[in-house]
Amino acid sequence: KVYTFGAAEGKHKPAGQVEYELLKNGSNAKVFEFPEDVSAIPGMGVVASVEGVRVAVGIEALMRDEAVDLGLAGPDVERLTRAARTVMFVAVQQDRELRLAGAIGLADRPRPGAAQAIARLKRLGLELIMISGDNRATAEAIAREVAPAGEIDRVIAGVLPDRKAAEV
């Protein structure tokens with residue numbers, strides 16, 4: 001059973017658009033517009049109840065906090081991370097505890113012109129530091145993508161949104 005829900009507002013796709021895309025691609029996923037007991041944890045993910053079933057979608061740190069065993073996902077996580085993907089895990093309640101149901105690799109496309117802007121900043125003699133919420137391997141892969149000549153001097157990874165300003 002696949003659960004998709006619009007638990008977060010803002011820049012995320014509305015559940016109706018997600019449902020359309022799933023159906024268009026032949027999925028039999030069921031989309032729920034209104035989960036209950038929603039907890040959105042900035043930079044980590046979402047935990048909610050869907051038809052009485054607890055569901056968590058988020059990064060590894062959230063899964064650790066929720067005591068979800070990620071052991072089976074190891075090879076997939078390594079492959080997705082090497083491909084500069086942010087890995088989001090999906091856990092669904094089974095027998096009173098959350099169990100891993102899957103992993104999703106998400107990719108942010110660099111903004112057009114990002115590599116050129118980074119190169120110009122480097123030519124100005126600036127030290128360039130990238131601060132990312134992604135894990136180290138993913139953040140470094142993204143840095144290589146936007147700065148193929150090594151213009152980024154340092155990558156600080158695993159920083160949650162509320163801590164980024166403190167890093168600066």
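The values are calculated or read from the model by the stated rules, or taken from the named source; none is laboratory data. Just so we're clear, the structure is a prediction, and the values are computed from it rather than from any experiment. Every residue, glycine as well, gets a Cβ built from its backbone with ideal geometry; the counts of neighbours run over all protein chains shown. Just the protein is used for accessible areas: all its heavy atoms, side chains included, with ligands, DNA and RNA removed. Shrake-Rupley method; radii C 1.70, N 1.55, O 1.52, S 1.80 Å.
Can you pull a Stokes-Einstein diffusion coefficient for the range 27-163 at 25 °C (0.890 mPa s), Rh from Kirkwood over Cα pairs, as a whole number of µm²/s?
For these conditions, the coefficient is 147 µm²/s.
Could you order the peptides 60-66, 119-125, 158-164, 44-50 from most to least packed, using the average number of other C-beta atoms within 10 Å per residue?
Values: 60-66: 17.3, 119-125: 11.6, 158-164: 13.3, 44-50: 20.3.
Per-residue mean Cβ counts within 10 Å order the peptides as 44-50, 60-66, 158-164, 119-125.
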- On the accessible surface of the range 49-110, probed at 1.4 Å, how many percent belong to carbon and sulfur atoms? 45
- Query: How many angstrom separate the Cα center of the range 125-140 from the Cα center of the range 44-117?
  - Reply: 20
- Taking placed amide H atoms and a strict 5 Å upper bound, the residues 5 or more places from V159 or on another chain that come that close are S132, G133, D134
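Using the Cα gyration tensor of the range 80-132, with a ≥ b ≥ c the square roots of its eigenvalues, what is the shape: rounded (a/c below 1.5), prolate (a/b larger than b/c) or oblate (neither)?
On the way: a/c = 5.18, a/b = 3.41, b/c = 1.52.
Cα axes put the range 80-132 in the prolate bin.
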- Task: Skip the ligands, DNA and RNA, and give the accessible area per residue of the range 41-168 with a 1.4 Å probe, whole Å².
- Result: 62
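So, with +1 on the Cβ of K and R and -1 on the Cβ of D and E, and no other charges, what is the size of the charge dipole of the range 59-142 about its Cα centre, to the nearest 20 debye? Could the numbers behind the result be given before it?
Values: 12 positive and 12 negative charges, 133 e Å.
With only Lys, Arg, Asp and Glu charged at Cβ, the dipole is about 640 debye.
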- Along the range 108-118, what does the Karplus equation 6.51 cos²θ - 1.76 cosθ + 1.60 (θ = phi - 60°) give for ³J(HN,Hα), rounded to whole Hz, x for Gly and Pro? 8, 7, x, 5, x, x, 4, 4, 5, 5, 5
- Kirkwood hydrodynamic radius of the range 29-106, Cα pairs, Å: 12.9
